[in-house]
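Have a look at the structure below before the remarks.
The values are calculated or read from the model by the stated rules, or taken from the named source; none is laboratory data. Everything numeric in this text was worked out from a predicted model, so none of it was measured. Counting neighbours? That spans all protein chains shown, and the Cβs are built from the backbone with ideal geometry, glycine included. Ligands, DNA and RNA are stripped out before the accessible areas are found, and what is left, the full protein with its side chains, is counted by its heavy atoms. Shrake-Rupley method; radii C 1.70, N 1.55, O 1.52, S 1.80 Å.
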Amino acid sequence: MMRFPRPGCWYRFTSADWQFIRDALALTQREKESLVSLLDDPDAVRMILDHPKLFEALLVSRQAAFLSPELFFYVTVRHTLKRVGVDDIAIADYIAVVCADFGLPATAEQNLPERKLESLYSIDYITALENAGSHERFFIHVQCANQFLVLTSLYPDFLRRRAQRRGAPDLEFYEQVVVSHLEAAGKHALAEEFALDDTLSHVAQAYPPARRAMNHTVREYLSLGA
């Protein structure tokens, strides 16, 4: 079975992540104690993670290298999407989980699927879909969307150089690949079973402006390589 992201980045945060949040937002011991008392409330956690000081702290703190990719990407994606008017937490959370799971080689400690298809050619996914059963088609759609979501969001320069040097499809082509496969996955029966149908559809609708915003953030603030 192929992997797909489970929502809720904050459920994966480490003790170092929570310590970083406390240190970034609370100046006094009393403030830190008050903040800790809120961390058992999911609604309060979402509000805390929206604080602009967290994004600023991630950019300048030397401790950021020791934080989980879930915290790093959730705060970064949420900040980025809100800036362009995409305020749905589920959209930010989905993109952040995908980036945390697949965006950095150093985080690839998750169990790999027994059968995986990782290709820079979308035609390979189309071929796999033609030969797949109904159940497996859902996971292929999600895997294809996730792979190109990471590439188009975090590594646009890689795709641009590839297009220039090899005549490969351009960035906008792969953006549409993401949208079309998310839409297809969202309409699959398994999407409803996994309670992902609305999320997949909403991510597909919001992805073009979200992708452009992520490219801006990567270019202006981050150094992820290519």
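Of these, LEU159, LEU196, which one is surrounded by 20 or more Cβ atoms within 10 Å (Cβ to Cβ) and either within 20 Å of ILE123 (Cβ to Cβ) or charged (D, E, K, R) (or both)? Steps first, please.
Working: LEU196 fails: either within 20 Å of ILE123 (Cβ to Cβ) or charged (D, E, K, R) (or both).
Being surrounded by 20 or more Cβ atoms within 10 Å (Cβ to Cβ) and either within 20 Å of ILE123 (Cβ to Cβ) or charged (D, E, K, R) (or both) holds for just one of LEU159, LEU196, which is LEU159.
Taking segment 136-154 as the range and being open to solvent by 10 Å² or more (accessible area, probe 1.4 Å) and touching a Leu at 6+ places or on another chain (Cβ under 7 Å) as the test, the residues that pass are ARG137, GLN143, LEU151. Filtered by the rule that a residue be more than 25 Å from LEU200 (Cβ to Cβ) and either in contact with a strand residue (DSSP E or B) (Cβ under 8 Å, 6 or more places away or on another chain) or without any contact (Cβ under 8 Å) to a residue 40 or more places away in the chain (or both), segment 143-169 gives ARG160, ALA163, GLN164, ARG165, ARG166, GLY167.
For segment 162-172, filtering for residues that are at pLDDT 90 or above and open to solvent by less than 30 Å² (accessible area, probe 1.4 Å) leaves 1. Listed by position, the helices (runs of 4 or more DSSP H) contained in segment 47-103 that have at least 3 residues being within 14 Å of the chain's Cα centre (by Cα), within 17 Å of VAL203 (Cβ to Cβ) and not hydrophobic (A, V, I, L, M, F, W, C) are 69-83, 89-102. Residue count for segment 26-48 under the criterion of being surrounded by fewer than 16 Cβ atoms within 10 Å (Cβ to Cβ), among the aliphatic types (A, V, I, L, M) and closer than 20 Å to ALA96 by Cβ: the result is 3.
Take PHE20 and tell me if it is within 30 Å of ALA185 (Cβ to Cβ), open to solvent by less than 60 Å² (accessible area, probe 1.4 Å) and not polar (S, T, N, Q). Here the answer is no, as PHE20 does not meet what is asked.
Of the conditions (1) buried (at least 18 other Cβ atoms within 10 Å of the Cβ); (2) modelled with pLDDT of 95 or more, SER201 fails just one. Which one is it? It is condition (1) that SER201 fails.
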